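One structure is given here, and the rest of the page talks about it.
The values are calculated or read from the model by the stated rules, or taken from the named source; none is laboratory data. All values derive from a computational prediction rather than experimental measurement. Here the Cβ is made from the backbone with ideal geometry for all residues, glycine too, and neighbour counts use every protein chain on show. The accessibility values were calculated without ligands, DNA or RNA, using every heavy atom of the protein model including side chains. Shrake-Rupley method; radii C 1.70, N 1.55, O 1.52, S 1.80 Å.
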Amino acid sequence: MSLLARSAAPLRQVALRSRTAPIRSVHGGEYKHIPFDYDKKGVFGAKVASYLIFGFSIPFVAAYYQLSKSGSA
């Protein structure tokens, strides 16, 4: 057996193994890697925007509260 034929043998074995049936999930249905549903993109966008705006505003609200508590603002 030539060197080229010997190096191609493992590649054929890998190709044959990859043709097996796909592994099915025990949960059934289509696999989704995101733990939430975003079929309604407008609602999903509104939720993401509100989450990000709320999270970004917390330090500014806290700073305003602290400054107003001390009488500086």
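Residues checked against (1) open to solvent by 100 Å² or more (accessible area, probe 1.4 Å); (2) modelled with pLDDT under 65; (3) in contact with a Cys (Cβ under 9 Å, 6 or more places away or on another chain):
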position: Ser7; (1), (2), (3): no, no, no
position: Ala21; (1), (2), (3): no, yes, no
position: Gly29; (1), (2), (3): no, no, no
position: His33; (1), (2), (3): yes, no, no
position: Asp39; (1), (2), (3): yes, no, no
position: Gly42; (1), (2), (3): no, no, no
position: Val61; (1), (2), (3): no, no, no
position: Ala73; (1), (2), (3): no, yes, no
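Yes or no: Ser57 modelled with pLDDT under 95 and open to solvent by less than 100 Å² (accessible area, probe 1.4 Å)? Outline the logic, then answer.
On the way: modelled with pLDDT under 95: no; open to solvent by less than 100 Å² (accessible area, probe 1.4 Å): yes.
When the stated conditions are applied, Ser57 does not pass them.
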